[in-house]
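Participant: Can you keep this structure in mind? I'll have questions shortly.
All of the numbers you see were taken from the coordinates with simple rules; none came from a lab. Here the structure is a predicted model, which means the values were calculated and not measured. Note that we place each Cβ from the backbone using ideal geometry, even for glycine, and neighbour counts take in every protein chain shown.
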Amino acid sequence: MTKTPPRLVLALLCVCALLGQSCRLGSDDSFVRIDRLLLGTLVQITVGGERKQAQLAAEAAADEIKRVEALTSFHASSELTEINDRAGDESVSVDPELAALIRRSLELSRQTDGAFDPTVGSLSTLWNFSGEKPRVPEASEIADALASIGRDRVTVDQGAAAVRPAEKGTALDLGAVAKGYALDRAAAALKRLGVEHALINAGGDIIVVGGKTDETPWRVGVRDPRTPGGVVAIAELTEGAIVTSGDYERYFESDGVRWHHILDPKTGYPATGMQSVTIVAPDGVTADALATGVFVLGPEKGMRLIEETPDVDGFCIDGEGRISMSSGAKSLFNMKR
Ligand code: ADP
Ligand code: MG
């Protein structure tokens, strides 16, 4: 039997949890909120300030997310798909912004010892989690895909804004950082327009600009991975991003096994032993990549990495539902269980 929960339903559940528990957005007239379906999820942009300016700023932030989506798409035709189509040929000249994002992703891959790896594209295609019919691939197909994975197979010439996957078959998939990057660019657009208080929620992954007011932080709920609509923790934030990766976001079940979309680049199969990982970082790309990377690394290695990484905190919920927290996370989160 296969079952893929619609992402939108999950996003709505997540957002309902947030609204119930935290910001009371929408009931406060000093904020404008716009909702858009972007990045395969419901994106809510809440901006404080004078109404007309806040509305314009929120629209500009949504445009920025749309632009990043077009730049990083793995499926629709984009500069990224052009790089993948021409793998093994010559370098592909791309927008310097995309080159920089790929370079940063390769760096984060090194930092996570390959647990987060943007070259998993051939594996993502094989499992097809975002398609109509995801399936468990044959072992031989997984072995072939694994042979095309590795950050050293991609070179980025930042000066020339050129990217080259060295071999045919190697494919870049920025799915694990695209949302984080979109949040970063959208927040930057808001700041450029003078916004001092805003929150952008992309299906539970959030970036904030300033607090809710000068005196009050934003209160952000983190979804309980096993209780739809339930909240496992509340964080109070005045700056930066909070991102959660979980085994409940995109999955199908077959023979009683939950096959979810976070893949271990070493085995080719969904990473085991975690239900969810929540990371708080100054920027969305770092939070997004580390949430995926820590999920793959598992509770011990993952939390050690977070402990060693400056300005980053978080917690994870392992396969048995046990919570491990970085030392800084203890003061950041109010745990609900
Ligand atoms: P979500 O997109 O649901 O927030 P993630 O940020 O964890 O979740 O990203 C998962 C997506 O990233 C997958 O759908 C796939 O495209 C890609 N991916 C899966 N495993 C990895 C990995 N180990 N490293 C990098 N990207 C991955
Ligand atoms: Mg991620």
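Participant: Based on the Cβ-Cβ distance of GLU236 and THR81, what FRET efficiency does E = 1/(1 + (r/R0)^6) give at R0 = 41 Å, to the nearest 0.05?
Facilitator: 0.55
Participant: Just how far, in whole angstrom, is segment 59-117 from segment 311-334 if you go by their alpha carbon centroids?
Facilitator: That distance is 29 Å.
Participant: Where q = 0.11, 0.17, 0.21 Å⁻¹, what log10 of I(q)/I(0) comes from the Debye formula for segment 126-226, counting one point per Cα?
Facilitator: -0.62, -0.97, -1.11
Participant: Shifting gears a bit: Among LYS52, LYS212, rank each residue by its count of other Cβ atoms within 10 Å, from fewest to most, as a rough exposure measure.
Facilitator: If I rank by nearby Cβ atoms, fewest first, I get LYS52, LYS212.
Participant: Next question, about the same structure. Could you rank the peptides 261-274, 149-162 by their average count of other C-beta atoms within 10 Å per residue, with the highest value first?
Facilitator: 261-274, 149-162
Participant: What are the semi-axes of the equivalent ellipsoid for the chain, taken as the square roots of 5 times the Cα gyration tensor eigenvalues, largest first, in whole Å?
Facilitator: Taking √(5λ) for each eigenvalue gives 31, 24, 18 Å, largest first.
Participant: Which GluC sites (Glu not before Pro) from segment 66-160 combine a DSSP loop assignment with at most 16 other Cβ atoms within 10 Å?
Facilitator: Qualifying residues, ordered by number: GLU90, GLU132, GLU138.
Participant: Name the trypsin sites (Lys or Arg not before Pro) in segment 64-123 that are in a loop by DSSP and that have at most 14 other C-beta atoms within 10 Å, would you?
Facilitator: Here no trypsin sites (Lys or Arg not before Pro) fit, given the DSSP loop and packing criteria.
Participant: Let me ask something else. Let me check against my output: what whole-number percent is the relative contact order of segment 149-265, with C-alpha pairs under 8 Å and at least 6 apart?
Facilitator: Once divided by the residue count of segment 149-265, the mean separation gives 15 percent.
Participant: Find, to one decimal place in angstroms, the Kirkwood hydrodynamic radius of segment 271-337, where the mean of 1/r is taken over every pair of different Cα atoms and then inverted.
Facilitator: Value: 11.6 Å, from the Cα pair sum.
Participant: Got the relative contact order for the chain handy, in percent, Cα pairs under 8 Å and 6 or more residues apart?
Facilitator: The normalised contact order for the chain reaches 19 percent.
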